[in-house]
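Since every read-out is calculated from the coordinates, none of them should be taken as a lab result. Everything quoted here is computed from the prediction, not taken from an experiment. We place every Cβ from the backbone using ideal geometry, glycine too, and count neighbours over all the protein chains shown.
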Amino acid sequence: MERNGVYLGPRLRRLRKDLGLTQATMAADIGISPSYIALMERNQRPVTAEVLIRLARAYSIDVSSLTEDNGAGLISRLQAAMRDPIFADIEVSPIELGDVLSNFPGFTEAMLRLYIAYKSDQFALADQQQLAVSPAMADVALDPVASVRAFLAARRNCFPELDAAAETTASHINNAGGLIAFLKQRHGLNVRRLPQDVMMGSVRRLDRHRREILLDDCLDLASQNFQLAQQLAYLEVDGEIRKTVEAGNLSSENARHLAHRALAGYFAAAVLMPYAQFANSAEGKRYDVEAIARQFNTSFEQTSHRLTTLQRTGQECVPFFFIRVDGAGNVSKRLDSANFPFARHGGGCPLWSLHQVFTSPRVVVTQWLELPDGQRFFSIARTVSSGRGAYPTARVTRAVALVCEAHHAERMIYNDRNSPPHFTPIGISCRLCHRSTCTSRSAPPISRSILADDYRRTEAPFGFSD
């Protein structure tokens, strides 16, 4: 009987899933054992003529829809994929392709999905390169923000020369009696706080004629100190910053300006939170961000930002990924020393607590994360506010998250050692996530065919064909 059968494993499995049936239910419907259904779906047993007739009677289907093409279509698709130039140096005979299809149908489907996704990415890259050659779209294609993010990520957001200079400067500041006294003694600059209407939209301004640094008097202490330290960066290490930026070979003048500002901010944070002292505090307090912030008189966001920079050779701390988003999910800051694969385009995963902490302001929320490829991370997220502290000036509320690889979590105070981790499956973005059962999905993933819902509607927003 088996000699007259055909191997239809993937098609039989797809039919069963489309009908919403378990192997046991289908076996009962057509009068065979569940184990035999499993063997047929794995192509370890053929689907005989008798089984086909029973399927047709039980589910009122056209048998030809299962048997037509009997693998010829998949063979053709595999052959087309193997003709791609990327496989030019690999010799695979038609017989080998037939063996792969017959013996490993699941692997065949996985291979084809990966190839389709690869081609889709190639087309997207080609479109981006086409924009780059168009003068009218040059700024869009080059994207100075993305360019600077890549510049920082390539160096793991760590600049030891600036850290060393900042530690020396911080020592001089302590000896002088504080930032304001140091600016007066070393640069002959006084600091004045002025009302918003006088500042005319600025939060900091250097008045070289009067030898003054002017600050908005509605800034809180942490913001005032940061603005003074950033101005000090331009006065003390501007030459070093420019050399570092030039060495980055950034793509545009806009990117160079943004990188220059980012490194001035890096130096400012390093002055307020000197590397060795800050790293010792982080380890001693088990990365309790709020406790560390109180020690250095910095904000939660400033402290979180600084924690991403502690990768100096020989003095490495936990490598963190940092992200800041607004209530609409727009990313306004992203720093990476933890190799977290955040999407460059499109929204993030709604299952990540980063997008949910707006409902519990200023409360630290922890979460274990698992990506589709099996990578696991530990995340802490909290809202932060910025803006002048005066009525009726609007304050901007955003959410920030610090993320590290899961195995580093034991070093953090936020990890409950008495409770086993429960990992939330998240995706990089819906377009790149192939978790077919996700009920929070907003868009279908690249390369998957959407299943018609004529007779079956899945709980997930989209059903996908095998």
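Residue 88 to residue 146: extension gain in nm, 0.36 nm per residue of separation minus the Cα-Cα distance?
17.5 nm
Averaged over every viewing direction, what's the projected area of the C-alpha convex hull for the range 201-266? Give it in nm², one decimal, please.
Averaged projected area of the range 201-266's Cα convex hull equals 5.4 nm².
How far, in nm, would the chain grow between residue 186 and residue 419 when pulled straight, counting 0.36 nm per residue and subtracting the alpha carbon separation?
Difference between extended and current length: 78.5 nm.
Within the set of other residues whose C-beta is less than 9 Å from the C-beta of residue 336, count the net charge using Lys and Arg as +1 and Asp and Glu as -1.
For residues surrounding residue 336, the net value is +3.
Treating only the Cβ atoms of Lys and Arg (+1) and Asp and Glu (-1) as charged, compute the dipole magnitude of the range 368-466 about its Cα centre; round to the nearest 20 debye.
For the range 368-466, the charge dipole is close to 520 debye.
Just in the range 402-466: which chymotrypsin sites (Phe, Trp or Tyr not before Pro) are loop by DSSP and have at most 13 other Cβ atoms within 10 Å?
455
So what's the range 280-340 giving for Rg/Rh, alpha carbon basis, Kirkwood Rh from the mean inverse pair distance?
Over the Cα atoms of the range 280-340, Rg/Rh equals 1.00.
Within a Cβ distance under 12 Å of residue 364, other residues only, what is the Lys/Arg minus Asp/Glu net charge?
Result for the neighbourhood of residue 364: 0.
In the range 382-447, which trypsin sites (Lys or Arg not before Pro) are in a loop and have at most 13 other Cβ atoms within 10 Å, using DSSP for the loop call?
Here the trypsin sites (Lys or Arg not before Pro) that fit, given the DSSP loop and packing criteria, are 395, 417.
Taking the range 2-70 on its own, what percent of its Cα-Cα pair distances exceed 20 Å?
That fraction is 13 percent.
Give me the distance in nm between label points sitting 7 Å out from Cα along the Cα-to-Cβ direction at residue 358 and residue 376, one decimal.
Placing both labels 7 Å beyond Cα along the Cβ direction yields 3.1 nm.
Full extension from residue 167 to residue 6: what is 0.36 nm times the residue separation minus their Cα-Cα distance, to one decimal in nm?
50.6 nm
Compute log10 of I(q)/I(0) for the chain with the Debye formula, placing one identical point scatterer on every Cα and leaving out solvent, at q = 0.08 Å⁻¹, to two decimals.
The Debye formula, applied to the Cα set alone, gives -0.66.
Near residue 378, within a Cβ-to-Cβ distance under 15 Å, what is the net charge of the other residues, with Lys and Arg +1 and Asp and Glu -1?
So the environment of residue 378 carries a net charge of 0.
Under the classification rounded if a/c is under 1.5, otherwise prolate if a/b is larger than b/c and oblate if not, where does the range 177-306 fall, given a ≥ b ≥ c as square roots of the Cα gyration tensor eigenvalues?
Here the range 177-306 falls in the oblate category.
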